[in-house]
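Data block below; observations after.
The values are calculated or read from the model by the stated rules, or taken from the named source; none is laboratory data. The model shown is predicted, which means the values in this text are computed figures rather than measured ones. Cβ: placed from backbone, ideal geometry, glycine included. Neighbour counts: every protein chain shown.
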Amino acid sequence: MEKKVNQELYKKLKKVNSVLRVEKNKLLEERTALKKWGNDLSRLNELSKAIVGTLDTDKIVITAFTKMQEIVPHDVSSVVLFKQKKLWILSPMKLYDDDTEDIKKLALNTIKKVVDAEDENNYKIEVKCLNDVETETSVFNSLISNRLIFPMEIGDMRIGALHLIRKPDEPFSEHEHKLAAMIVSTLTLALRNSEIHREVQELATIDSLTGLFNNRYFHEILTREFKSTMRYQNPVSLIMIDVDNFKQINDQYGHQAGDTVLREISNRLTRSLREIDVPARYGGDEIAIILPETLIEPAFFVAKRIKTLIEAQPIKFKEININVTASLGIASCPDPKMRSVEDMIAVADKAMYDAKKYGRNRIEVNKDIFIQDNAYLGPLVF
(Lines give C-alpha, C1' and ligand atoms only; values in the text may rest on other atoms or scores of the structure.)
Protein backbone atom coordinates (compact mmCIF):
# COMPACT_ATOMS: atom_id res chain seq x y z
CA MET A 1 0.00 0.00 0.00
CA GLU A 2 2.77 2.37 1.00
CA LYS A 3 4.69 1.45 -2.13
CA LYS A 4 1.68 2.30 -4.28
CA VAL A 5 1.31 5.68 -2.55
CA ASN A 6 4.98 6.44 -3.14
CA GLN A 7 4.66 5.59 -6.82
CA GLU A 8 1.69 7.92 -7.24
CA LEU A 9 3.50 10.64 -5.32
CA TYR A 10 6.56 10.16 -7.53
CA LYS A 11 4.43 10.46 -10.66
CA LYS A 12 2.85 13.68 -9.35
CA LEU A 13 6.24 15.11 -8.44
CA LYS A 14 7.58 14.16 -11.84
CA LYS A 15 4.63 15.85 -13.48
CA VAL A 16 5.10 18.95 -11.33
CA ASN A 17 8.82 19.03 -12.15
CA SER A 18 7.97 18.74 -15.83
CA VAL A 19 5.54 21.65 -15.57
CA LEU A 20 8.10 23.67 -13.60
CA ARG A 21 10.76 22.98 -16.24
CA VAL A 22 8.39 24.19 -18.96
CA GLU A 23 7.52 27.30 -16.97
CA LYS A 24 11.19 27.87 -16.20
CA ASN A 25 12.02 27.65 -19.89
CA LYS A 26 9.20 30.06 -20.67
CA LEU A 27 10.49 32.48 -18.05
CA LEU A 28 14.01 32.17 -19.46
CA GLU A 29 12.69 32.83 -22.97
CA GLU A 30 10.70 35.81 -21.73
CA ARG A 31 13.72 37.06 -19.81
CA THR A 32 15.88 36.70 -22.92
CA ALA A 33 13.22 38.44 -25.01
CA LEU A 34 12.92 41.26 -22.45
CA LYS A 35 16.69 41.60 -22.35
CA LYS A 36 16.74 41.78 -26.16
CA TRP A 37 13.94 44.37 -26.12
CA GLY A 38 15.91 46.33 -23.53
CA ASN A 39 19.04 46.25 -25.70
CA ASP A 40 17.04 47.18 -28.79
CA LEU A 41 15.28 50.03 -26.99
CA SER A 42 18.66 51.28 -25.78
CA ARG A 43 19.93 51.28 -29.39
CA LEU A 44 16.71 52.99 -30.51
CA ASN A 45 17.32 55.67 -27.89
CA GLU A 46 20.88 56.16 -29.17
CA LEU A 47 19.57 56.40 -32.73
CA SER A 48 16.96 58.98 -31.70
CA LYS A 49 19.53 61.14 -29.91
CA ALA A 50 21.90 60.97 -32.88
CA ILE A 51 19.39 62.05 -35.54
CA VAL A 52 17.50 64.57 -33.41
CA GLY A 53 20.80 66.34 -32.75
CA THR A 54 21.21 67.49 -36.39
CA LEU A 55 19.09 69.35 -38.93
CA ASP A 56 21.15 68.27 -41.94
CA THR A 57 19.03 65.89 -44.02
CA ASP A 58 21.94 63.88 -45.43
CA LYS A 59 23.45 63.38 -41.97
CA ILE A 60 20.09 62.31 -40.55
CA VAL A 61 19.61 59.65 -43.24
CA ILE A 62 23.16 58.25 -43.12
CA THR A 63 23.29 58.25 -39.30
CA ALA A 64 19.89 56.56 -39.05
CA PHE A 65 20.80 53.77 -41.46
CA THR A 66 24.24 53.22 -39.97
CA LYS A 67 22.73 52.71 -36.52
CA MET A 68 19.68 50.85 -37.83
CA GLN A 69 21.98 48.16 -39.20
CA GLU A 70 22.70 47.19 -35.56
CA ILE A 71 18.99 46.97 -34.72
CA VAL A 72 17.46 45.48 -37.87
CA PRO A 73 20.28 43.93 -39.95
CA HIS A 74 19.67 44.26 -43.68
CA ASP A 75 21.54 44.17 -46.96
CA VAL A 76 20.34 47.41 -48.50
CA SER A 77 18.15 50.29 -47.37
CA SER A 78 16.66 53.21 -49.22
CA VAL A 79 14.68 56.26 -48.27
CA VAL A 80 12.85 58.64 -50.57
CA LEU A 81 11.76 62.19 -49.75
CA PHE A 82 8.97 63.29 -52.04
CA LYS A 83 9.18 67.07 -51.65
CA GLN A 84 12.94 67.27 -52.16
CA LYS A 85 12.79 64.73 -55.02
CA LYS A 86 15.68 62.84 -53.41
CA LEU A 87 16.25 59.12 -53.16
CA TRP A 88 19.04 57.69 -51.01
CA ILE A 89 20.14 54.10 -51.45
CA LEU A 90 22.48 52.95 -48.68
CA SER A 91 24.28 49.68 -48.21
CA PRO A 92 26.37 48.52 -45.25
CA MET A 93 28.71 46.89 -47.76
CA LYS A 94 30.18 47.57 -51.18
CA LEU A 95 27.77 46.63 -53.95
CA TYR A 96 28.27 45.09 -57.35
CA ASP A 97 27.33 47.30 -60.30
CA ASP A 98 24.46 44.95 -61.20
CA ASP A 99 23.17 45.19 -57.64
CA THR A 100 23.18 48.97 -57.77
CA GLU A 101 21.06 49.06 -60.91
CA ASP A 102 18.63 46.45 -59.50
CA ILE A 103 18.26 48.41 -56.27
CA LYS A 104 17.53 51.61 -58.18
CA LYS A 105 14.71 49.81 -59.99
CA LEU A 106 13.35 48.40 -56.73
CA ALA A 107 13.51 51.79 -55.02
CA LEU A 108 11.72 53.51 -57.91
CA ASN A 109 9.04 50.82 -57.81
CA THR A 110 8.68 51.58 -54.11
CA ILE A 111 7.98 55.21 -54.96
CA LYS A 112 5.17 54.15 -57.26
CA LYS A 113 3.60 52.02 -54.52
CA VAL A 114 3.45 54.72 -51.87
CA VAL A 115 2.74 57.86 -53.90
CA ASP A 116 1.34 58.91 -57.25
CA ALA A 117 4.79 59.42 -58.71
CA GLU A 118 4.31 60.02 -62.38
CA ASP A 119 7.54 62.01 -62.29
CA GLU A 120 9.66 59.38 -60.53
CA ASN A 121 12.35 59.79 -63.19
CA ASN A 122 12.99 63.31 -61.90
CA TYR A 123 14.29 62.05 -58.55
CA LYS A 124 17.94 62.65 -57.73
CA ILE A 125 19.38 59.25 -56.78
CA GLU A 126 22.36 58.93 -54.44
CA VAL A 127 23.96 55.53 -53.86
CA LYS A 128 26.22 55.36 -50.80
CA CYS A 129 28.18 52.40 -49.42
CA LEU A 130 28.86 52.77 -45.71
CA ASN A 131 32.12 50.83 -45.95
CA ASP A 132 34.35 49.15 -48.56
CA VAL A 133 33.65 45.52 -47.63
CA GLU A 134 32.44 43.61 -50.68
CA THR A 135 29.67 41.05 -50.50
CA GLU A 136 30.68 37.41 -51.01
CA THR A 137 28.05 37.01 -53.68
CA SER A 138 25.58 39.29 -55.35
CA VAL A 139 22.89 40.41 -52.92
CA PHE A 140 20.34 40.18 -55.67
CA ASN A 141 20.76 37.09 -57.78
CA SER A 142 17.10 37.74 -58.46
CA LEU A 143 14.82 40.61 -57.57
CA ILE A 144 12.76 38.28 -55.37
CA SER A 145 14.06 39.49 -52.00
CA ASN A 146 12.64 40.00 -48.55
CA ARG A 147 11.46 43.58 -48.28
CA LEU A 148 9.89 45.91 -45.75
CA ILE A 149 8.23 49.08 -47.03
CA PHE A 150 7.05 51.79 -44.63
CA PRO A 151 5.33 55.04 -45.64
CA MET A 152 6.73 57.97 -43.66
CA GLU A 153 3.70 59.93 -42.49
CA ILE A 154 2.79 62.69 -40.07
CA GLY A 155 -0.97 62.85 -39.78
CA ASP A 156 -2.36 63.04 -43.31
CA MET A 157 0.96 64.30 -44.71
CA ARG A 158 3.18 61.71 -46.38
CA ILE A 159 6.77 62.92 -46.63
CA GLY A 160 8.49 59.82 -47.97
CA ALA A 161 9.05 56.09 -47.65
CA LEU A 162 11.54 53.67 -46.13
CA HIS A 163 12.62 50.50 -47.89
CA LEU A 164 14.63 47.65 -46.29
CA ILE A 165 15.93 44.74 -48.37
CA ARG A 166 17.36 41.42 -47.26
CA LYS A 167 18.45 38.27 -49.09
CA PRO A 168 15.64 35.83 -50.03
CA ASP A 169 16.66 33.21 -47.44
CA GLU A 170 16.64 35.65 -44.49
CA PRO A 171 13.06 36.80 -43.80
CA PHE A 172 12.33 39.67 -41.41
CA SER A 173 10.85 38.59 -38.08
CA GLU A 174 7.77 40.13 -36.47
CA HIS A 175 10.06 41.62 -33.82
CA GLU A 176 12.22 43.26 -36.49
CA HIS A 177 9.11 44.57 -38.22
CA LYS A 178 8.04 46.31 -34.99
CA LEU A 179 11.51 47.75 -34.45
CA ALA A 180 11.64 49.07 -38.02
CA ALA A 181 8.23 50.73 -37.55
CA MET A 182 9.54 52.49 -34.42
CA ILE A 183 12.64 53.66 -36.29
CA VAL A 184 10.46 55.01 -39.10
CA SER A 185 8.43 57.10 -36.62
CA THR A 186 11.59 58.69 -35.20
CA LEU A 187 13.18 59.17 -38.62
CA THR A 188 10.00 60.77 -39.99
CA LEU A 189 9.92 63.37 -37.20
CA ALA A 190 13.64 64.13 -37.61
CA LEU A 191 13.32 64.58 -41.38
CA ARG A 192 10.22 66.74 -40.99
CA ASN A 193 12.09 68.98 -38.53
CA SER A 194 14.93 69.19 -41.04
CA GLU A 195 12.49 70.16 -43.78
CA ILE A 196 10.89 72.86 -41.61
CA HIS A 197 14.36 74.23 -40.80
CA ARG A 198 15.25 74.26 -44.51
CA GLU A 199 12.02 76.11 -45.36
CA VAL A 200 12.68 78.71 -42.65
CA GLN A 201 16.24 79.17 -43.94
CA GLU A 202 14.94 79.63 -47.47
CA LEU A 203 12.44 82.24 -46.31
CA ALA A 204 15.33 84.09 -44.69
CA THR A 205 17.68 83.91 -47.68
CA ILE A 206 15.66 83.32 -50.88
CA ASP A 207 13.77 85.86 -52.97
CA SER A 208 10.26 84.48 -53.43
CA LEU A 209 9.76 85.79 -56.98
CA THR A 210 12.99 84.77 -58.69
CA GLY A 211 14.26 81.92 -56.49
CA LEU A 212 17.60 83.75 -56.28
CA PHE A 213 19.18 84.77 -52.99
CA ASN A 214 17.80 87.93 -51.44
CA ASN A 215 19.51 91.25 -50.83
CA ARG A 216 20.31 90.52 -47.17
CA TYR A 217 22.06 87.24 -48.00
CA PHE A 218 23.89 88.93 -50.88
CA HIS A 219 25.41 91.50 -48.52
CA GLU A 220 26.31 88.80 -46.00
CA ILE A 221 28.21 86.72 -48.58
CA LEU A 222 29.87 89.68 -50.32
CA THR A 223 31.08 90.97 -46.94
CA ARG A 224 32.60 87.57 -46.19
CA GLU A 225 34.30 87.34 -49.60
CA PHE A 226 35.55 90.92 -49.41
CA LYS A 227 37.14 90.28 -46.01
CA SER A 228 38.85 87.20 -47.47
CA THR A 229 40.15 89.37 -50.31
CA MET A 230 41.50 92.00 -47.95
CA ARG A 231 43.19 89.43 -45.72
CA TYR A 232 44.42 86.78 -48.13
CA GLN A 233 44.26 88.56 -51.52
CA ASN A 234 41.77 85.97 -52.82
CA PRO A 235 40.10 87.43 -55.91
CA VAL A 236 36.37 88.07 -56.06
CA SER A 237 34.31 89.67 -58.82
CA LEU A 238 30.85 91.22 -58.80
CA ILE A 239 28.49 91.45 -61.78
CA MET A 240 25.51 93.82 -61.61
CA ILE A 241 22.72 93.21 -64.15
CA ASP A 242 19.83 95.51 -65.04
CA VAL A 243 17.08 94.53 -67.49
CA ASP A 244 16.90 97.04 -70.33
CA ASN A 245 13.60 98.93 -70.72
CA PHE A 246 12.00 96.98 -67.88
CA LYS A 247 9.56 99.79 -67.06
CA GLN A 248 8.41 99.73 -70.67
CA ILE A 249 7.77 95.94 -70.41
CA ASN A 250 5.66 96.50 -67.28
CA ASP A 251 3.76 99.42 -68.86
CA GLN A 252 3.10 97.60 -72.15
CA TYR A 253 2.36 94.05 -70.97
CA GLY A 254 1.62 94.41 -67.25
CA HIS A 255 3.47 93.53 -64.05
CA GLN A 256 2.80 89.80 -64.43
CA ALA A 257 4.79 89.93 -67.65
CA GLY A 258 7.58 91.74 -65.81
CA ASP A 259 7.58 89.05 -63.12
CA THR A 260 7.78 86.34 -65.80
CA VAL A 261 10.75 88.10 -67.41
CA LEU A 262 12.62 88.28 -64.09
CA ARG A 263 11.93 84.62 -63.31
CA GLU A 264 13.09 83.41 -66.72
CA ILE A 265 16.24 85.54 -66.68
CA SER A 266 17.03 84.19 -63.21
CA ASN A 267 16.57 80.61 -64.44
CA ARG A 268 18.83 81.20 -67.44
CA LEU A 269 21.70 82.74 -65.53
CA THR A 270 21.49 80.20 -62.67
CA ARG A 271 22.01 77.36 -65.14
CA SER A 272 25.18 79.04 -66.41
CA LEU A 273 26.87 79.53 -63.03
CA ARG A 274 29.08 77.40 -60.79
CA GLU A 275 27.87 76.05 -57.47
CA ILE A 276 30.08 78.48 -55.55
CA ASP A 277 28.68 81.54 -57.38
CA VAL A 278 25.98 83.54 -55.59
CA PRO A 279 23.21 85.03 -57.75
CA ALA A 280 20.91 87.42 -55.87
CA ARG A 281 18.05 89.78 -56.57
CA TYR A 282 19.57 93.10 -55.59
CA GLY A 283 16.34 95.05 -55.94
CA GLY A 284 13.60 95.68 -58.51
CA ASP A 285 14.93 94.44 -61.84
CA GLU A 286 18.58 94.44 -60.71
CA ILE A 287 20.42 91.15 -60.22
CA ALA A 288 23.84 90.81 -58.61
CA ILE A 289 26.21 87.86 -58.98
CA ILE A 290 29.15 87.23 -56.65
CA LEU A 291 31.94 85.23 -58.30
CA PRO A 292 34.38 83.95 -55.64
CA GLU A 293 37.96 83.14 -56.69
CA THR A 294 37.42 84.98 -59.99
CA LEU A 295 39.58 87.66 -61.59
CA ILE A 296 38.31 90.37 -63.92
CA GLU A 297 39.01 88.57 -67.19
CA PRO A 298 37.09 85.32 -66.43
CA ALA A 299 34.37 87.48 -64.82
CA PHE A 300 34.02 89.33 -68.12
CA PHE A 301 33.52 86.08 -70.02
CA VAL A 302 30.91 84.95 -67.47
CA ALA A 303 29.10 88.26 -68.02
CA LYS A 304 29.34 87.82 -71.77
CA ARG A 305 27.81 84.33 -71.50
CA ILE A 306 24.97 85.66 -69.34
CA LYS A 307 24.30 88.54 -71.74
CA THR A 308 24.08 86.07 -74.63
CA LEU A 309 21.72 83.77 -72.71
CA ILE A 310 19.39 86.65 -71.87
CA GLU A 311 19.08 87.93 -75.43
CA ALA A 312 19.27 84.53 -77.19
CA GLN A 313 15.55 83.70 -77.06
CA PRO A 314 12.44 85.81 -76.50
CA ILE A 315 10.66 85.25 -73.20
CA LYS A 316 7.16 83.86 -73.67
CA PHE A 317 4.33 85.45 -71.70
CA LYS A 318 0.93 84.00 -72.54
CA GLU A 319 0.83 84.34 -76.33
CA ILE A 320 3.41 87.12 -76.46
CA ASN A 321 7.14 86.80 -77.20
CA ILE A 322 9.09 89.51 -75.36
CA ASN A 323 12.58 90.31 -76.60
CA VAL A 324 14.80 91.14 -73.65
CA THR A 325 18.33 92.47 -73.26
CA ALA A 326 20.35 93.55 -70.25
CA SER A 327 23.17 95.89 -69.29
CA LEU A 328 25.95 94.51 -67.13
CA GLY A 329 28.64 96.09 -64.96
CA ILE A 330 31.65 94.38 -63.39
CA ALA A 331 33.92 95.16 -60.44
CA SER A 332 36.78 92.98 -59.29
CA CYS A 333 38.98 92.81 -56.20
CA PRO A 334 41.62 93.04 -54.90
CA ASP A 335 41.81 96.66 -55.98
CA PRO A 336 43.45 99.38 -53.85
CA LYS A 337 40.68 101.81 -54.82
CA MET A 338 38.03 99.59 -53.24
CA ARG A 339 38.35 99.72 -49.47
CA SER A 340 34.88 98.46 -48.55
CA VAL A 341 31.99 96.35 -49.76
CA GLU A 342 30.10 99.56 -50.48
CA ASP A 343 32.96 100.72 -52.73
CA MET A 344 32.83 97.48 -54.71
CA ILE A 345 29.05 97.66 -55.17
CA ALA A 346 29.32 101.32 -56.21
CA VAL A 347 31.95 100.51 -58.85
CA ALA A 348 29.93 97.62 -60.32
CA ASP A 349 26.74 99.72 -60.19
CA LYS A 350 28.39 102.65 -61.97
CA ALA A 351 29.76 100.30 -64.65
CA MET A 352 26.25 98.94 -65.17
CA TYR A 353 24.77 102.42 -65.57
CA ASP A 354 27.60 103.28 -67.95
CA ALA A 355 26.53 100.29 -70.04
CA LYS A 356 23.03 101.75 -70.17
CA LYS A 357 24.35 105.21 -70.96
CA TYR A 358 26.49 103.91 -73.83
CA GLY A 359 23.65 102.13 -75.59
CA ARG A 360 22.35 99.23 -73.40
CA ASN A 361 22.77 95.50 -74.10
CA ARG A 362 26.46 95.70 -73.32
CA ILE A 363 29.06 95.05 -70.62
CA GLU A 364 31.14 97.69 -68.86
CA VAL A 365 33.79 97.45 -66.16
CA ASN A 366 35.55 100.09 -64.08
CA LYS A 367 37.40 102.86 -65.88
CA ASP A 368 40.78 101.11 -65.67
CA ILE A 369 39.59 98.35 -68.01
CA PHE A 370 39.15 98.82 -71.73
CA ILE A 371 36.28 96.97 -73.43
CA GLN A 372 35.65 97.30 -77.13
CA ASP A 373 33.11 95.44 -79.25
CA ASN A 374 32.39 93.10 -76.32
CA ALA A 375 36.01 91.86 -76.30
CA TYR A 376 38.27 92.03 -73.25
CA LEU A 377 41.48 93.89 -74.14
CA GLY A 378 43.04 94.08 -70.69
CA PRO A 379 43.99 97.07 -68.51
CA LEU A 380 44.06 100.41 -70.25
CA VAL A 381 47.63 101.73 -70.33
CA PHE A 382 48.09 105.51 -70.34
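Any idea which residue in segment 301-323 is farthest from Arg274 (Cα to Cα), counting only those that are out of contact with any helix residue (DSSP H, G or I) (no Cβ under 8 Å at 6 or more places or on another chain) and buried (at least 18 other Cβ atoms within 10 Å of the Cβ)?
Only one residue fits best here, namely Lys307.
From the list Gln248, Gln233, which one is of a type in the set (S, T, N, Q), on the phi < 0 side of the Ramachandran plot and surrounded by fewer than 20 Cβ atoms within 10 Å (Cβ to Cβ)? Quick ask: steps written out before the conclusion?
Values: Gln233 fails: on the phi < 0 side of the Ramachandran plot.
One residue alone meets the criteria, Gln248.
State the number of residues belonging to segment 202-215 that are out of contact with any strand residue (DSSP E or B) (no Cβ under 8 Å at 6 or more places or on another chain) and closer than 13 Å to Ile287 by Cα.
The qualifying residues number 1.
Under 8 Å by Cβ, and 6 or more places apart or on different chains, what pairs join a residue from segment 76-93 that is closer than 11 Å to Asp58 by Cα and basic (Lys, Arg) with one that is modelled with pLDDT under 70 and assigned to a strand (DSSP E or B)?
Lys86/Lys124; Lys86/Glu126
For residues in segment 154-174 being under 14 Å from Pro73 (Cα atoms) and in contact (Cβ under 8 Å) with a residue 40 or more places away in the chain, which is surrounded by the most Cβ atoms within 10 Å (Cβ to Cβ)?
Leu164
Out of all the residues in segment 213-230, which are of a type outside the set (D, E, K, R) and either within 13 Å of Glu293 (Cβ to Cβ) or surrounded by 16 or more Cβ atoms within 10 Å (Cβ to Cβ) (or both)?
Passing the criteria: Phe213, Asn214, Tyr217, Phe218, His219, Ile221, Leu222, Phe226, Ser228, Thr229.
If you take the residues in segment 264-300 that are in contact with a Phe, Trp or Tyr (Cβ under 7 Å, 6 or more places away or on another chain) and closer than 17 Å to Ser327 by Cβ, which one is surrounded by the most Cβ atoms within 10 Å (Cβ to Cβ)?
Taking the candidates together, the pick is Ala288.
Go over the candidates Ile315, Ile320, Ile296 one by one and state the one that is modelled with pLDDT under 95 and farther than 23 Å from Asp354 by Cβ. Even if it seems obvious, please write down each step before you answer.
Numbers: Ile315 fails: modelled with pLDDT under 95; Ile296 fails: farther than 23 Å from Asp354 by Cβ.
None of the others qualify; the one that does is Ile320.
Output yes when any residue across segment 5-27 is part of a loop (DSSP other than H, G, I, E, B), at pLDDT below 75 and over 30 Å from the mean Cα position of the chain (by Cα), and no when none is.
Taking segment 5-27 as the starting set, the residues that turn out to be part of a loop (DSSP other than H, G, I, E, B) are none.
No - not one qualifying residue is present in segment 5-27.
Among the residues in segment 226-234, are any among the polar types (S, T, N, Q), closer than 19 Å to Phe300 by Cβ and assigned to a strand (DSSP E or B)?
Scanning segment 226-234 turns up no residue that is among the polar types (S, T, N, Q), closer than 19 Å to Phe300 by Cβ and assigned to a strand (DSSP E or B).
Which one of Arg43, Arg31 is in contact with a helix residue (DSSP H, G or I) (Cβ under 9 Å, 6 or more places away or on another chain), in a helix (DSSP H, G or I) and at pLDDT 70 or above?
Of the residues listed, the single one that is in contact with a helix residue (DSSP H, G or I) (Cβ under 9 Å, 6 or more places away or on another chain), in a helix (DSSP H, G or I) and at pLDDT 70 or above is Arg43.
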